1. Relative to the present Cα-Cα distance, how much length would full extension add between Met215 and Val180 at 0.36 nm per residue of separation?
2. Cut-off 10 angstrom, C-alpha nodes, Gaussian network model of the chain. Which of Leu110, Leu164, Leu211 fluctuates the most?
3. For a quick check, take a GNM of the chain with Cα springs below 10 Å and name the residue from Asp76, Asp46, Asp109 with the largest mean-square fluctuation.
4. Would you rank Cys10, Cys227, Cys221 by solvent-accessible area, highest first, keeping every protein chain in place and using a 1.4 Å probe?
5. Per residue Cα convex hull volume for the stretch 157-228, in cubic angstrom?
6. If you count only protein heavy atoms and use a 1.4 Å probe, how large is the accessible surface of His86, to the nearest 10 Å²?
7. When the accessible area of the stretch 95-235 is computed with all protein chains present and a 1.4 Å probe, what percentage of it is carbon and sulfur?
8. What value does the stretch 99-235 have for Rg/Rh, both radii from Cα atoms and Rh as Kirkwood defines it?
Amino acid sequence: EARDLVLEICKRHGIRKAVKSKSMLSEEAGLNDAMEAAGVQPVETDLGEYIIQLAKEPPSHIIAPAVHKSKDEVSDLFVKHHGTAHKTAIPELTREAREVLRGHFVSADLGISGANFLIAETGSGVIVTNEGNGRMVTTLPRVHVSITGIEKVIGTLEDFSLLLRSLTRSATGQPISNYVSMFTGPKGAGDLEGPEHMYFILVDGGRTNLLGTDMQDMLRCIRCGACMNHCPVYR
């Protein structure tokens, strides 16, 4: 149903290309394959997600989706897909990715993001990132779709301030991430930037079936990734 809703929005607005901020829900729903089948090009813009999209692989970690790739493997992917010279320095590889993605940001009609939290008090979505791509995705395209699970809805801004501190410390050990972006609908008459149209898609996907069961506490998960940061496989 989530895929169908996104495709319906694409059809309604004549979308041919979508840039995506990192979205675990879109991975859960298999959104990229559905968009490609419908003739809409999805472009992942989180660096790790972009790398594994080129490799046609699923993410291996919720915080660092391409942690299983060496820099040489990434370089080989860039040579194959970008037609550029082989590079080994990480700053050169990240600059190359930025230069390629910049054209997609400018030419995309649709931005797709997840939401770390949805704040009922203000009707806002929030994304918490350490790359600037999230803000490009949510402000540059003329249409923005935020897609996330119903368990991400919280009550107030005060709740958000507490959960944000928990999220960043548990995920990366930071007091706060580089970018905390809030969006509350499309741009208004006096706004210079932002989407002309905005949609929130809330997904159940079996979540309500957990209520009243021994698994109910799973709905408290804020996707910080702390449970995977000491993985014995990678250590």
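The values are calculated or read from the model by the stated rules, or taken from the named source; none is laboratory data. Because the structure is a prediction, the values reported are computed rather than measured. All Cβ positions, even for glycine, are placed from backbone atoms using ideal geometry, and neighbour counts span all protein chains on display. With ligands, DNA and RNA removed, areas are computed over all heavy atoms of the protein, side chains included. Shrake-Rupley method; radii C 1.70, N 1.55, O 1.52, S 1.80 Å.
1. On the way: separation 35, 0.36 × 35 = 12.60 nm, distance 3.00 nm.
Working it through step by step, the gained length comes to 9.6 nm.
2. Comparing Leu110, Leu164, Leu211 in the GNM, the peak value goes to Leu211.
3. Per the Cα network of the chain with a 10 Å cutoff, Asp76 tops the list.
4. Numbers: Cys10 5, Cys227 120, Cys221 60 Å².
Descending accessible area places them as Cys227, Cys221, Cys10.
5. Numbers: hull volume 11.1 nm³, N = 72.
Roughly 155 Å³ of hull volume per residue.
6. That residue has around 100 Å² of solvent-accessible surface.
7. Working: 4230 of 7770 Å².
Roughly 54 percent of what the probe reaches on the stretch 95-235 is carbon or sulfur.
8. Values: Rg = 16.5 Å, Rh = 16.5 Å.
With Rh from the inverse mean 1/r over Cα pairs, Rg/Rh is 1.00.
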